[in-house]
Amino acid sequence: MSTHSFYTRQMLSKYGRQLVSARRMARYEQLVGRPTADGDSVHLRRKQMVERVSRELIENLLFSGSENPVVLDVKNALESRVGSLLAFHYPPAVLDIQIFKISTEGLKTEVTGAEKRDILDMLWEITLHIVDETMM
């Protein structure tokens, strides 16, 4: 084996690793998205982040009864839009959320059907708006 062939194989091996790294970086950039001249992908990434944070906020904090200030803002905005106090419950044997309207006398009535979907849609819209306002 000559020195010349050793260096040639080393060079080709290094070149192969660079190609693999370049392909990996290209796939990563494609997934993440690079900012374009007009900043479209920056807005898209911000929107995705706001949606992710909103989903976490709803699933992990609001439905668990957290006293987080953002959760309280969301809940107060939703209750003012609906016009009554609301309670959210996840019963142990049921997979779906139960929403109850609480009257001034303290009576709970379960919300079902289209009204439940409307409340959940309002909740999502309000949460997106509040999270978008609070994010830098």
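What follows is calculated from the coordinates using simple rules that are stated; it is not laboratory data. Owing to the predicted nature of the structure, the values given are computational and were not obtained by experimental measurement. As a convention, Cβ positions derive from the backbone with ideal geometry for all residues, glycine included, and neighbour counts pool all protein chains shown.
Numbers for the structure displayed
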| item | result |
| --- | --- |
| Mean Cα-pair separation over length for the chain, i.e. relative contact order, pairs under 8 Å, 6 or more apart, % | 19 percent |
| Using θ = phi - 60° and Karplus 6.51 cos²θ - 1.76 cosθ + 1.60, couplings along region 57-74 (whole Hz; Gly, Pro as x) | 4, 5, 5, 9, 10, 5, 6, 9, x, 5, 9, 4, x, 5, 4, 5, 4, 4 |
| Range in the chain, longest, excluding exposed GluC sites (Glu not before Pro) [loop by DSSP; at most 16 other beta-carbon atoms within 10 Å] | 1-66 |
| Rounded to 10°, Cα long-axis angle of helix 113-134 versus longest principal axis of the chain | 60 degrees |
| Reported label for calculated volume of the Cα convex hull per residue in Å³ given (i) 211; (ii) 226; (iii) 112 | (i) |
| Cα-based Lys pair tally, the chain, threshold under 20 Å, eight or more apart or on separate chains | 5 |
| Backbone HN-Hα couplings from phi across region 83-97 [Karplus 6.51/-1.76/1.60, Hz, Gly and Pro as x] | x, 7, 6, 10, 10, 10, 9, 10, x, x, 8, 10, 8, 8, 6 |
